1. What Kirkwood Rh does segment 2-53 have if only Cα atoms enter the pairwise 1/r average? Answer in Å.
2. Cα axis of helix 21-53 to longest principal axis of the chain: angle in degrees, 0 to 90, nearest 10?
3. Using alpha carbons only, how many degrees (0 to 90, rounded to 10) separate the axis of helix 2-18 from the longest principal axis of the chain?
4. Mind giving me the FRET efficiency for residue 40 and residue 7? R0 is 25 Å, r the Cβ-Cβ distance, nearest 0.05 is fine.
5. So for the pair residue 33, residue 14, with labels modelled 7 Å out along Cα→Cβ, what separation do we get in nm?
6. Based on DSSP H runs of at least 4 residues, each adding -39500 (n - 2.57), what is the mean residue ellipticity at 222 nm of the chain after dividing by all its residues, to the nearest 500 deg cm²/dmol?
């Protein structure tokens, strides 16, 4: 999932460089959402791993 977030970030940067503001904004928004979903799933995974050891 982090790979998808990075891919959308790259798309947003390229689109912004070429002057496509709408596409750049949409891609940056998708990248941000995917990054936060990745962080939430990562924290849940860490908590589950700690709970399993106890």
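Bear in mind that the values in this text are calculations on the coordinates, not laboratory data. Because the structure is a prediction, the values reported are computed rather than measured. Counting neighbours? That spans all protein chains shown, and the Cβs are built from the backbone with ideal geometry, glycine included.
1. Value: 12.0 Å, from the Cα pair sum.
2. 10 degrees
3. It is inclined by approximately 20 degrees.
4. 0.85
5. Distance between label points: 2.1 nm.
6. Details: 2 runs with 50 residues, N = 54.
Here the helix-only value at 222 nm equals -33000 deg cm²/dmol.
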